[in-house]
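Reading through the structure tokens given below for one structure.
The values are calculated or read from the model by the stated rules, or taken from the named source; none is laboratory data. Remember, it's a predicted structure, so these values are computed and weren't measured experimentally. As a convention, Cβ positions derive from the backbone with ideal geometry for all residues, glycine included, and neighbour counts pool all protein chains shown.
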Amino acid sequence: MFRKSLLALTSALLLTSALLVDASAVVPGPEPAAPTAAAAALPALHTEGNRIKNSAGTNITLRGLSVIAPEQNDVCTDCNSKPINELIDMTVSNGWNSKVLRLLVTEVLGKDLAAYDAQYIKPYVDHAVAKGLYVIIDLHLVRNYGDTTGAVPQSQVKAFWDYIAPRYASNPNVLFEVFNEPINPDSWATWKAYIQPVVTSIRSVADNVILMGSPAWSTRLNGALTDPIAGGNIAYVYHLYPNQGPATAANLDAKFGNASASIPVVMTEFGWDPAAAAGSVTAGTTSGWGLPFRQYIDARPQIGWMGWIFDNFWAPVMFDKNWNLLSGEYQGAFVRDWLAGAAATSPCSNHLARGATVTASSTYDASSGAAKAVDGSCVDSGRWMSAVGDTAPTLTVNLGTYKDVNQIDVYSGFGFPNVATGTVLSDFRIEAHTSAGWVQVGSFVNNTKSLVTATGPAATVDQLRLVITDPSDHATDIARVYEVAAH
């Protein structure tokens, strides 16, 4: 979803547990030696009914990751950029266990396709294939389509695939995503008339699985239920972000879940960002959106997915700018653990400080003691609350031993994740105790968020402390803390 990378620019600027069997202008790094077919080729894929299957007829659930477009890898001026081949290596190491790479093609229309392929596509397809990955070549356009001013003419999309499809037709590892996010006209019939000649042309030279987007940023796949694209071996794409509503069956069934019982569906984009502005496309948390989304998708193995995005710049990121994995309510560690087949848990309930010894300057009543701040519960009955009249509450968490703490998340308020106005901690700081003493790691003034995050110090930590100077903006002016979570 290139529009989210543009938002990031203007603001400063995926067969094992991960692929389940049911029962820099960036100059690319040195091009790897061409892989041998025997060593690297995976079983060719095809669609049948509502499933993607391999050549043995086994159901396959594609699960993987998108990486930044190679030609965009030098855009961020204050990022610690990595070569694309190194990013590909990272997606299959350090617990990530990705089995599909979604390779983005962005600034290609009107360019020399032979030169573009040689620099921005083939080296990375070859490298990913050598790593045993399926590769989605994604024509990553976020544009209106058709003949209106500023729209992408059909001829340009067809020209790209007329060049690319025959060159990768014999590669069983490769899938084609024909148009990332067509926007308008928001009409399935108009879209089908536009894209059908492109698919027909691809099918004249290649049988690779085609991933088919749809209008309104690839959110209209239900059109394929009654009027599918002709050509066979087509799976339909959906892109989902928190702005489309809660990750509940009531919401998601109508969007793509019901359709997945009849046609193949692949989520080639989803993601969330707790630091995004309220109401923005990606604004959401692991506990509030990512966890129920995973539970929904895990219950429907016919739906494949590609996490957006394995990057430290394009949003929503999985790493900070120095490639430290973001955890807690950020999506990075959660998506990694999902790919690895780890159990689905909320970061509120699974963290380094859970069960630690806690002391507080005061408590509201017997049911809201300090220990509630590290009990792994982000429900209203699991909060520490300070006493009325304690205008400067403090809470100290003793970890018992020195630990590496990369991130501290503080949840506060009432009604999480949809908190009541004025109930969150207003003015406070987060401190960490190292062998050298207490250091401040975060300071918040006039805070309005129920979840805030601070980066841990470089040194190991044995205690954490909240020092609150303004408990809340509520008439009952007390501190309300669900959890102090260390990761």
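Give Thr423, Thr401 a once-over and let me know the one that is farther than 16 Å from Glu483 by Cβ and of a type in the set (Ser, Thr, Tyr).
Working: Thr423 fails: farther than 16 Å from Glu483 by Cβ.
When all the criteria are applied, what remains is Thr401.
Take Thr359 and tell me if it is assigned to a strand (DSSP E or B), hydroxyl-bearing (Ser, Thr, Tyr) and touching a helix residue (DSSP H, G or I) at 6+ places or on another chain (Cβ under 7 Å).
Details: assigned to a strand (DSSP E or B): yes; hydroxyl-bearing (Ser, Thr, Tyr): yes; touching a helix residue (DSSP H, G or I) at 6+ places or on another chain (Cβ under 7 Å): yes.
It is true that Thr359 is assigned to a strand (DSSP E or B), hydroxyl-bearing (Ser, Thr, Tyr) and touching a helix residue (DSSP H, G or I) at 6+ places or on another chain (Cβ under 7 Å).
Does Arg465 satisfy the criteria of being outside any loop (DSSP other than H, G, I, E, B) and within 18 Å of Lys372 (Cα to Cα)?
Values: outside any loop (DSSP other than H, G, I, E, B): yes; within 18 Å of Lys372 (Cα to Cα): yes.
For Arg465, the condition - outside any loop (DSSP other than H, G, I, E, B) and within 18 Å of Lys372 (Cα to Cα) - is met.
Enumerate the strands (runs of 3 or more DSSP E) found wholly within segment 49-148, keeping only those where 1 or more residues are touching a helix residue (DSSP H, G or I) at 6+ places or on another chain (Cβ under 7 Å), within 30 Å of Ala216 (Cβ to Cβ) and modelled with pLDDT of 95 or more. So that I can check it myself, show each step before the final result.
Values: elements: 51-54, 59-61, 63-67, 100-105, 134-139.
Passing ranges, in order: 63-67, 100-105, 134-139.
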